[in-house]
Amino acid sequence: MAKVSIKKETEMITNYTPSTDTEEHVGFIYMRSIIIDGVKFIYIGESSNMLDRNYHWRCLKVEYGGKRIEKARKEHDPSNWMWDVLERVEANSADELEEKLKQKEAEYIIKYESYKEDKGFNSTRGLSQYLNGNAA
């Protein structure tokens, strides 16, 4: 497969091109994964700007997340990771979008158990305020 720009890759995977004409409130829950010694490890994240998030992912000089994912990015070239959009999230306002993204991110972290060191790189289970005390 030919190498494509981060912008084109982002548009292809999210099936979304941000509009500059309207005030859209759209975000994504995504999974980054890598296979290490035959074991798949994952990181769950959320963003309302996947293009910026992907630029930050590839630039090791920019902090991306918690200590575990930072260490993993430095040990395993970010361009070797796979990533998928798990869910597109829409809202009526920026505040509503932020709340929905945090809630959904926590739900997926719990679902995939990516907070466990033997399964993933999330440092916590997400925001407990959205999961009625079931998250750290």
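The values are calculated or read from the model by the stated rules, or taken from the named source; none is laboratory data. Everything numeric here is computed off the predicted structure, so don't read it as measured data. Here the Cβ positions follow ideal geometry from the backbone for every residue, glycine too, while neighbour counts run over all protein chains shown. The protein model used for the area step is the full one, side chains on, heavy atoms only, and it has no ligands, DNA or RNA in it. Shrake-Rupley method; radii C 1.70, N 1.55, O 1.52, S 1.80 Å.
Some values worked out for this structure:
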quantity	calculated
Condition check for residue 95: open to solvent by 30 Å² or more (accessible area, probe 1.4 Å), under 23 Å from residue 10 (Cβ atoms) and of a type in the set (D, E, K, R)	no
Test: residue 13 is at pLDDT 95 or above and either of a type outside the set (Asp, Glu) or open to solvent by 70 Å² or more (accessible area, probe 1.4 Å) (or both)	no
Any chance residue 67 is over 25 Å from residue 12 (Cα atoms), open to solvent by 60 Å² or more (accessible area, probe 1.4 Å) and not aliphatic (A, V, I, L, M)	yes
Segment 70-91, residues that are among the polar types (S, T, N, Q) and either at pLDDT 95 or above or open to solvent by less than 100 Å² (accessible area, probe 1.4 Å) (or both)	79
Hits in segment 51-64 (condition: within 19 Å of residue 112 (Cβ to Cβ) and either open to solvent by 20 Å² or more (accessible area, probe 1.4 Å) or touching a residue at least 12 places away in the same chain (Cβ under 8 Å) (or both))	53, 57
Selection status of residue 62, in contact with a helix residue (DSSP H, G or I) (Cβ under 6 Å, 6 or more places away or on another chain) and hydrophobic (A, V, I, L, M, F, W, C)	yes
Criterion violated by residue 49 - all others in (1) of a type outside the set (D, E, K, R); (2) under 22 Å from residue 108 (Cβ atoms); (3) touching a helix residue (DSSP H, G or I) at 6+ places or on another chain (Cβ under 6 Å) satisfied	(3)
Pair list, Cβ < 7 Å and 6+ apart or interchain, from segment 102-113 residues that are over 16 Å from residue 65 (Cβ atoms) to residues that are in a helix (DSSP H, G or I) and open to solvent by less than 60 Å² (accessible area, probe 1.4 Å)	103/130
Residue count for segment 73-99, restricted to those that are assigned to a helix (DSSP H, G or I), under 19 Å from residue 116 (Cβ atoms) and in contact with a helix residue (DSSP H, G or I) (Cβ under 9 Å, 6 or more places away or on another chain)	1
Close pairs from segment 25-39: first outside any strand (DSSP E or B), partner crowded, with 17+ Cβ neighbours inside 10 Å, Cβ under 6 Å, at least 6 apart	25/91; 25/97
Selection status of residue 111, over 11 Å from the mean Cα position of the chain (by Cα), open to solvent by 80 Å² or more (accessible area, probe 1.4 Å) and modelled with pLDDT under 95	no
